[in-house]
Each structure stands twice: as C-alpha cells, then as structure tokens.
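> Dumping the structure here so I can ask a few things about it.
Bear in mind these aren't lab numbers, they're just calculated from the coordinates by the rules spelled out. In this text, all values refer to a predicted model and were calculated from it rather than measured experimentally. Glycine also receives a Cβ, built like all others from the backbone with ideal geometry; neighbour counts cover every protein chain displayed.
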Amino acid sequence: MAAETASLLPSQAFPSQPTKITSIKTLAESPGLTSIPATRTFAPDLHDQVICVPEGSIPVIDYSLLISGTPDQRSKIVHELGRACQDWGFFMVINHGVPENLLSSILDGCKGFFDLPEDEKQEFKGNHVLDPIRSGTSCNVSVEKAFYWRDFLKFFVHPVFYSPTKPAGLSEISLEYSQRVREVARGLLKGISESLGLEGSYIDKALNLEQGKQIFVANLYPTCPQPELAIGLPPHSDHGLLTLLIYNGIGGLQIQHEGKWVNVCALPNSFLVNTGDHLEILSNGRYKSVLHRAMVNSKATRISIAMIHGPSLDSVVSPATELLVSSKGNEPAAYVGMKYKDYLELQQSNKLDGKSCLDRVRSSSLTKP
C-alpha cells in the first residue's frame, strides 16, 4: 500500500541549539529530549510515495550457484544479475558463504565503537575525505545546511588495511570480515562483467581491483523523538562499483524504483547490494546506480555496515570501449573519464545530493538541449 512520506528538505521549524553536537547518539540520549534541533530538521515532500513491494519482487541472487553451480545454473544467475543491475540497481545475495556469526560479531564490534566515550571516538575524527580512518556525525558538516540523524565510522580496508584501535577486538574482526566480503564482491563483479558481454575478468583488470579501494562504513541511526522531521541519509547514489550492506534487523533503508521509494527488508543472513556510480559509468548507462536513503524511527536504534568496493584510486573510469562498438553502429560515450580518486574527493567534499556528482561526468554532447 502506498503512503505519503518524506523526500526531505531543510526546514527551520525549531529554534537552533548552540551547543556543539559531536554525536547524534549523545543528543538522542539527552534527558527529556522531545524535539530535535532546527539544524537536524527536514520537512517532508508530500509528493513522494513509499511502497512495500510483494515478497520476491526485489531480485535475489544465489551466490553459491554463481561460483559452483552447473553451467546452466551459472548462466541463469549471470542473466539474473544483469537484469537486477539494469532494472533495479539493487539485489539481495544469499548463500554467500560468510558465516552468520561473523556478521553478528562485526555488528557488535561497531556498536562497541559507537558506545565509546565521546573523547575516545574523537581520537579517530580525521580531517580529510581520504584520511584512512574517520568518525563523526552527519556526512559533511562543513557544507551541509541541515545535518543528518547519523553517526559514522569510516576506514579503508584495502589495498592497505586500517582500523580504529578501539574497542578491543574490532580491528581483528574487521580484517576478517572485509576479506570475506571482498571475495564475494569480486565474484559478483565477475558475473556482472559477463552479463555485459565482456570477459569475466574485464572489470577486475580494467579497474585494477587487486589495488581496488575497499571502504568500511559503519552507520548509527539512534532513536529520534520526531522521525518524520529527520533523516539518516538523504537520497544519494554511492561512488564505486558495488556496495554490500548488512544491518542489525532494524529497518530504514529505502531504494528508489520506478519513481517510488521502496522499503527494503533483508532476507536472513543476506547481503543487500547496490550498484554504484562507477558501474553505471563503465557500462555506459546500461546499469544504473540506485538512489537510496536511510530513514530513522522513534523506537529502535539502527546500525548498518556498508562495504564500498571501488577501482584503484589511480584508475580512470570511463565507458568500456567494447560496449561502444557493435554491428548496429558505434554508441556514443555517455560519460567522460575521471580518475577514481578525483571523483571520490569531489563527492565526499560536497553535500549528498542525489546523483549530482555523476551528473558532472556525463558527456556534455548528450546533455545539450
């Protein structure tokens, strides 16, 4: 059933609170909090709709059939991967081989970080978008006019592994988790490469995934006294090729599909996977990066872990040449090439705003009226 809800715009419905907020968790736990600061307030766009799609509508990929199925099974899964990337830009992955206890342990480890005293979390604040470890609140407070109901921890885990030294045990479990998830991502990208009619190793080699950037992003969305006026993260697409996400069972992720927002509920022990801007670029628009957002609620705190898999920082990402030539004639490149490092800095230095960063690399010849 459709329901009117939020695509969220800044509002000044509440008086500002001058006290510096170092974490939303601290604010949310303030005694007697019944409203949120004006700087954290968004107003709903009543033209938006949120729907709950029938069970089975969101594509489900059985990873075990992709890596060890019969030729016919594997061919079917590769086709399903391609359709999921084309029609949804999003799918769930089951039977991926990452132990359930590892998923639980990494969620617990991240909760342990967010539960640290504020001064200890500030040790890992970071200053630049390419600092290997960063923690904070919202997304980029230097450019945002309204801040998000979210605390975060980000660290690079490949090609060089970094991790906070607190809490105890987080570094070790993060290393194991990131290695296992990276194996799954590369297996998926091999299938996606084949679904485009390319060699299975094409994406891996073209974008130097041996040195590919893998970024661990933990998000905390505390309970909110006015969830209808707040947002965890606004509509945006991810940089990189694929993002694999897990969460602690508390819903809040919504993806845009056919102009409407879809509530996403994960199957048990599955990964939620969305395609990124650089898969859209490489495929010359055949596969679309998906817009998604994180909502908050008044009853439970949500923790999610997103693992972003991108090219090497020095890779210049542009449409695959092989996709621009066919028997029907040459296809114009819809995007201009840009070094991944430059794209990452561009996106992370600006406020999240739909696909505004991707729009900057669309070929000007195709955007002229």
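> Given a Förster distance of 45 angstrom, what is the FRET efficiency for Thr34 paired with Val336, based on the Cβ-Cβ distance and rounded to 0.05?
0.35
> Give the long-range amide H neighbours of Leu242: residues separated by 5 or more places, or on another chain, with amide H under 5 Å away, using H modelled in the peptide plane at 1.01 Å from N.
So Leu242 has HN proximity to Gly276, His309.
> Two decimals is fine: what's Rg over Rh for the stretch 171-230, C-alpha atoms, Kirkwood radius as Rh? Write down the numbers at each step before the final one.
Numbers: Rg = 17.3 Å, Rh = 14.3 Å.
In the stretch 171-230, Rg relative to Rh is 1.21.
> Here is a follow-up. Using Stokes-Einstein with the Kirkwood hydrodynamic radius over Cα pairs, what translational diffusion coefficient do you get for the stretch 177-327 at 10 °C and a viscosity of 1.306 mPa s, in µm²/s rounded to a whole number?
96 µm²/s
> In nanometres, what is the gap between the two model label sites at Ala168 and Thr26, each 7 Å from Cα along Cα-to-Cβ?
2.6 nm
> Please compute the length gained on full extension between Phe161 and Leu130, using 0.36 nm multiplied by the number of residues separating them and subtracting their Cα-Cα distance.
That works out to 9.8 nm of additional length.
> Using a Förster distance of 35 Å, how high is the FRET efficiency between Ser68 and Leu346, based on the Cβ-Cβ distance and rounded to 0.05?
So the FRET efficiency works out to roughly 0.30.
> For Val60, enumerate residues with amide H under 5 Å from its amide H, sequence gap 5+ or separate chain, H modeled in the peptide plane.
Met92
> Follow-up. Cα to Cα, under 18 Å, and not fewer than 8 places away if on the same chain: which aspartates and glutamates meet these conditions relative to Lys355?
Asp48, Asp87, Glu144, Asp238, Glu258, Asp277, Glu280, Asp342, Glu345
> With label points built 7 Å along Cα→Cβ from the Cα atoms of Glu210 and Glu123, find their separation and express it in nm.
3.6 nm
> What ranking do 116-128, 54-66 get when scored by the average of other Cβ atoms within 10 Å per residue, highest first?
Taking the mean over residues of other Cβ atoms within 10 Å, the ranking is 54-66, 116-128.
> Quick one: 3J(HN,Hα) in Hz for the stretch 261-277, Karplus 6.51/-1.76/1.60 with θ = phi - 60°, rounded, Gly and Pro as x.
Ordered by residue, 3J(HN,Hα) equals 8, 10, 5, 10, 10, 6, 5, x, 6, 10, 9, 9, 10, 10, 7, x, 4 Hz.
> Report the full-extension gain for the segment Asp314 to Asp87: residue separation times 0.36 nm, less the Cα-Cα distance, to one decimal in nm.
Taking Asp314 through Asp87 to full extension adds about 78.7 nm, to one decimal.
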